[in-house]
Every structure is written in C-alpha cells, then in structure tokens.
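J.: The structure that follows is given in the form of structure tokens.
The values are calculated or read from the model by the stated rules, or taken from the named source; none is laboratory data. Small disclaimer: the values here were computed from a predicted structure and weren't measured. Neighbour counts are summed over all protein chains in view; Cβ atoms, including those assigned to glycine, are modelled from backbone coordinates with ideal geometry. Protein only, heavy atoms only, side chains kept; ligands, DNA and RNA dropped before computing areas. Shrake-Rupley method; radii C 1.70, N 1.55, O 1.52, S 1.80 Å.
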Amino acid sequence: MTGRSKFIVEGLRSGVPYRDLAKTVAFGRERYIDSVKRMMEGVEQGRAPKLPSLVLRANYGEGKTHLLHSLWGAAEDRNWVVSFVSLSKETPLDRLDYLYPKLMENTYIPGSAQPGVAFIVARALENQLLLPEARTIGMSARIMAVLDALVVHDEGYDELLADVTGNFLSVADLKRIYRQNLGRAPQLTRSSMKDEAFEYIRLIDWLIQKAGFAGWLILIDEVELVGKLGKGARSQAYANMGRLIEGKLPHTLCVWALAANFFSDVLIRRNDREECPRWLSARQKEERAPWSEAALDALLEAKLLDPLTVTQIKALVQQIHELHQEAYAWSAPFDGEDLYEQVRRFAPTQDTRLRTYVRLSLAILDVWYQHGEPPVIEYLDPLQDAALDEQPERDMVDGKAGDGGGGGEDLWHGDGQKDGDGRKDGGDGETDEANSEPGEPSMITRRLIFHD
C-alpha cells in the first residue's frame, strides 16, 4: 500500500496522469465516466450510439487529461482496446495519414503496458471467416489486398504488419508481396494515403472486434491545438474529426478533450462554422464539408465540465490527505477538513482551478511532513489558458508536402508546460523533480513562491 500510494501521490505532484492514478482519484468526474460507460455498453450490445463521440471542454487545470485516463481505465476493465494521443505538429488532425501511425503507436490492449496492434492482427487472423466477411463490408481495394496477403501468412508478413501499423507500403511493394503470396497482381484502384488512412481506421475497428475485444476507445487530447493551424488545415482537421464522428465505425467510440478558450478564441472569433465548410467547398472538396460541419457542431455544442461542488472538493482533499500519509508512513497533525481550510486560506476565490487544489494540498502536506510546521506561501499565480494564435500556413511537414495546413508550436497545457530544454514539467516551472521524496531539499522548502 505504501508503494502504491507513493506512486499515486508523485503522479499527482508531477501533474502527469496515468491509468492507475486516474482509477484511484476520479477528481469528482464520475458522472462523465458513467456516461461513457453507458455508451460502451451500447456498443457491446450492438446498439451503437447515434453520435459515438463525446467532446470534453474545460479550463486549463480542471482535469481534462486526468479524466481521459479515468476513461481509459474504465474501458480497460471492460475489455476494450484504447488509443491515446495528444495533438501536436507530429500528430496533426488535418492529416489522417500522419495521425493514424501515431494512433497505432499508442494503442493498448487490456492489461498490456506495451503498445501495439500485432496481437490484435494475429488473433483476428485466426478467424476462418475473416476474408468472406471482409468482402461484404466494403473495404477498399488496398485494404483487401493487404488482408488477402496477411491471411496467407507467408511472404512479407512483417512488412504487411508494419503497413497496418502505419508504416505504409508503397504500391510497388504491396504488389510484390501480394504476387509472392497469391501468384497474381492485386486489383488496386488509384487513391491517396490521405484517404486510405481512414480505411485503415475502419480495418482496425473491425479487427479489434474479430480479435475478441469489446470495442475500441480513441482518446484525443489537446484538441485546442487545431486553433493554431491556418484556415486550410483547420478546415481539413474539422473534416477529419467529423469523419471519425460519423465514420460508421461500429465498434469505436471517440472522446475529444479541449481547452475552454477554443470556443471563443477560435470557433467564434474566426467564424469557423461558416468559413471552414465554405473553404472546403470552394476547393472542390464538397464531400468533406458535411464532415466538417458535424465536427464544428459537436465542438460548438460541447458544454464545460461541471465545476466541482464544495463537497466534491472536500472529498478530493480528504483523499489526498489519506494517500499522502499512507505514502510516507506518517500522521498529519490535522484531519482532511482542516487541510481543506488551509487550502482555502491560500486560494480563497471561487474560481480556483482543480489543479490548484491538488497542488496546494500536496505542498501543505509536504512542508508539514518535512518541517513539522505550516508553509508560508508568498504568491499564488493563477492558472491561465494558453494562447491559440494562428500560425503561418505550412507547405512542408517533416519533409513531406502538406495540403494547405497550418503549422503550430509544440504546446503543453492541461497537465504541464514544456520548459526551455523541451522537458515536460509539472505545470509550475519545476522540471522532473516531482518524483523526488518530499524530504529532499530540492523538492520544496517551507517558504515558497507558489506558481501553479
């Protein structure tokens, strides 16, 4: 218990959530977890929800990423495969052919600490009716060629598996492997990987079910970074989001998390609901405009996470109080109610962010544990939402031609900021010293300026 509690406390202190922590400390978001569980239950029973997506919107520091990890834990308990990605320049929503490999790199089967889809593919291939059924559900010609060759399980299997994980084979290599396995050339149609990437997502949705898993939960964080793209890339990103929302993925649910200021700073200020579908239609991408409209409607309708009640906050502080004592085998000279009152003295305003309650509770307990007296906090810097300024349009991404997208700086927020040398810190300027013992001098002193 001591080791597990210490691991949880250090996770809370660093601001980097993970599954076990999120399962133990739900941050008062049980209502949202129960809602997604009901959606998962519908998928498991063949009753896919009308809108198989949920958009979570909250201020910075209100626990969006932590909630995603709580959902991950809930899905794992139900035998669901989970993919978790945060949007960035390397994981852009405007290019599914770039996003898909990142999804595959961060896909976990229940109970596994290592990502990957090799087990899913191998288990699904054991199904003798795989190919006959695949031919009835409208897979693309490329996907069928990959499946045909995979089922033979002979020449080029590792290359085919790599293709499914997002290291896409060239047409020439796919034809070569297909011919080696089946003795003839595949019947391929002309297509781009930007379009085929969604067909691969459909393939994984189907393989997951054939492998015996209950469903696929896709968790996408930092969605507000779409706001840093130029209009062209934002339009494409909305279309791709809408395609996932309305993409006829019968075994898949998507949960999207974004900062609250995306609504005012991007959707409203830039009039994206009108401008982005119009941008797509003007460039003969009429089929994508309805997808973008579906995504924009979902984003516009997303409600802010409910603020925690005083009762919920007190319960959270009480839980931290108990976990800290278990973690370091000590007895605090005050109870959980007293800890809450101490936190409120340092953060008396009603709009104090959830993250601030957590950090203050831990800081107070750490100082009492080290010094046996209360801390003196001289300054409390309130949390602010990150700027979502539009970046210049880009022509190249990682050396590959773009498609009118916008760039965007790497931006950490929600559960940490990126410091000057690229390391992720705990969101308060401290680098990765958060995993230190509270007794180490580098961690905290009795008198501190508290930046959260």
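J.: Report, to the nearest whole %, how much of the accessible area of segment 78-138 belongs to carbon and sulfur atoms, 1.4 Å probe, protein only. Display every interim value, and only then the final one.
T.: Values: 1300 of 2590 Å².
Answer for segment 78-138: carbon and sulfur cover 50 percent of the accessible area.
J.: Okay, moving on. Once a ≥ b ≥ c are taken as the square roots of the eigenvalues of the Cα gyration tensor of segment 1-160, is the result rounded (a/c under 1.5), prolate (a/b larger than b/c) or oblate (a/b not larger than b/c)?
T.: Details: a/c = 1.95, a/b = 1.80, b/c = 1.09.
Taking the square roots of the gyration eigenvalues as a ≥ b ≥ c, segment 1-160 is prolate.
J.: Treat each spin label as a single point 7 Å out from the Cα along the C-beta direction, and report the Gln187 to Glu90 distance in nm.
T.: 4.2 nm
J.: Using per-residue counts of other Cβ atoms within 10 Å, averaged over each peptide, order 298-307, 140-149 from highest down.
T.: 140-149, 298-307
J.: Accessible area per residue, 1.4 Å probe, Å², for segment 1-66: what's the number? Present the calculation step by step, with values, prior to reporting the outcome.
T.: Numbers: 2860 Å² over 66 residues.
That works out to 43 Å² for each residue.
J.: Indicate the gyration tensor shape class of segment 98-177 (rounded, prolate or oblate), computed on the Cα atoms with a ≥ b ≥ c the square roots of the eigenvalues: a/c under 1.5 is rounded; otherwise a/b larger than b/c is prolate and the rest oblate.
T.: Judged from the Cα gyration tensor, segment 98-177 comes out oblate (a/c at least 1.5, b/c at or above a/b).
J.: What FRET efficiency do you get for Ser112 and Arg38 if R0 is 25 Å and r is their Cβ-Cβ distance, rounded to the nearest 0.05?
T.: Result of the calculation: an efficiency of 0.45.
J.: What distance in nm separates the simple spin-label points at Asp335 and Ala172, each placed 7 Å from Cα in the Cβ direction?
T.: The modelled label-to-label distance comes out at 7.6 nm.
J.: Hey, what's segment 240-304 come to in accessible area per residue, 1.4 Å probe, Å²? Don't skip to the answer; put the middle values down first.
T.: On the way: 2830 Å² over 65 residues.
That works out to 44 Å² for each residue.
J.: Here's another thing I want to ask about it. Quick check on segment 204-312: take the gyration tensor over C-alpha atoms, sort the square-rooted eigenvalues as a ≥ b ≥ c, and tell me if it's rounded (a/c under 1.5), prolate or oblate.
T.: Since a/c reaches 1.5 but b/c is at least a/b, the shape of segment 204-312 is classed as oblate.
J.: With each label point set 7 Å from Cα along the Cα-Cβ vector, what nm distance links Glu287 and Glu105?
T.: 2.9 nm
J.: Of the cross-linked pairs Lys175/Lys210; Lys231/Lys303; Lys248/Lys285; Lys194/Lys231; Lys210/Lys285, which ones have a Cα-Cα span greater than 29 Å in the structure shown?
T.: Lys210/Lys285
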